[in-house]
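Reviewing the structure listed below.
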Amino acid sequence: MTIIKIQTNDNGSHDNNTIYGATLEEFTIPEGWALLPESLGTPETLESFPFGIVTAEDIDGVPTVTSWTPGTVPEPEPTPEPEEEVTPEDVLKTMLGG
């Protein structure tokens with residue numbers, strides 16, 4: 001069972017959690033979250049997941065995702081250039097003036 005937070009994060013993603021083996025009879029969906037039915041898709045099959053727009057409705061008393069609109073996956077932030085590593089030899093050369 002996968003649940004997804006209805007409210008988006010600042011970057012357009014949704015918090016989500018897959019609880020293996022859980023059923024609605026033994027697990028209460030938290031306020032502000034909804035069941036992602038497998039008939040709609042899974043985290044592995046939904047385009048751009050978890051970045052998108054969620055529509056949710058109460059179905060039989062269970063907050064349930066009824067539609068998924070793919071969002072834009074942000075570009076990853078560039079990794080900083082690694083600083084040059086100073087070796088013991090470099091320190092010795094500097095100390096000896098060379």
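A few notes on this one:
- Filter result (among the hydrophobic types (A, V, I, L, M, F, W, C) and either in contact with a Lys or Arg (Cβ under 7 Å, 6 or more places away or on another chain) or loosely packed, with under 10 Cβ neighbours inside 10 Å (or both)) within the stretch 52-98: Val86, Met95, Leu96
- Listed by first and then second residue, the pairs with beta-carbon distance under 7 Å, at least 6 apart or on different chains, first residue in the stretch 47-74 and of a type in the set (Asp, Glu), second modelled with pLDDT of 95 or more and part of a strand (DSSP E or B), are Glu47/Pro70; Glu57/Thr64; Glu57/Thr66.
- Scanning the stretch 43-98 for residues that are over 30 Å from Phe27 (Cβ atoms) and either touching a Leu at 6+ places or on another chain (Cβ under 9 Å) or of a type in the set (D, E, K, R) (or both) yields Glu75, Glu77, Glu81, Glu83, Glu84, Glu85, Glu89, Asp90, Lys93, Gly98.
- If you filter the stretch 4-38 down to residues that are polar (S, T, N, Q) and surrounded by 11 or more Cβ atoms within 10 Å (Cβ to Cβ), you find that the one that is farthest from Val73 (Cα to Cα) is Thr18.
The values are calculated or read from the model by the stated rules, or taken from the named source; none is laboratory data. In this text the structure is predicted, and so the values were computed from the model without any measurement. Please note: Cβ atoms are built from the backbone with ideal geometry, for glycine as well, and neighbour counts cover all protein chains shown.
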